[in-house]
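The values are calculated or read from the model by the stated rules, or taken from the named source; none is laboratory data. On a predicted model such as this, the values are computed, not experimentally measured, just so you know. Accessible surface areas use protein heavy atoms only, side chains included; no ligands, DNA or RNA. Shrake-Rupley method; radii C 1.70, N 1.55, O 1.52, S 1.80 Å.
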Amino acid sequence: IKKQQQDVLGFLEANKIEFEEKDIAANEENRKWMRENVPEDSRPASGNPLPPRLFNDSRYLGDYEAFFEARENNAVYAFLGLTAPPGSKVGVYIPHSKP
């Protein structure tokens, strides 16, 4: 989990994308908010959703796998719901469906 979190944060920082990191380990309110805002169809079959989970305000974007897939397809800005800076590769993010 830590490696995935560092991967997401490193990408956002390197691309100067503003973000707010919410610690769910030390803050019960953040943990509760994340659990309530991850859609039912994106939750694990058992247990609680694990970080990292990405949101744009309160709109759920996806988990690390979705972020990684968007990054591999040069579609992170579309995934994040942001306008890509001039000169960047813009890709189109099409979320994969889960079985």
- Message: Given Cα positions, please report Rg to Rh for the chain, the hydrodynamic radius being the Kirkwood one.
- Response: 0.95
- Message: To test your reading of the geometry: what angle, between 0 and 90 degrees and rounded to tens, separates the Cα axis of helix 2-14 from the longest principal axis of the chain?
- Response: 40
- Average accessible surface area per residue within the chain, 1.4 Å rolling probe, Å²: 71
- One point scatterer per Cα, no solvent, Debye formula: log10 I(q)/I(0) for region 40-88 at q = 0.17, 0.24 Å⁻¹ comes out as -0.56, -0.93
- Of the accessible area of region 1-66, with the probe set at 1.4 angstrom, what percent is carbon plus sulfur? 44
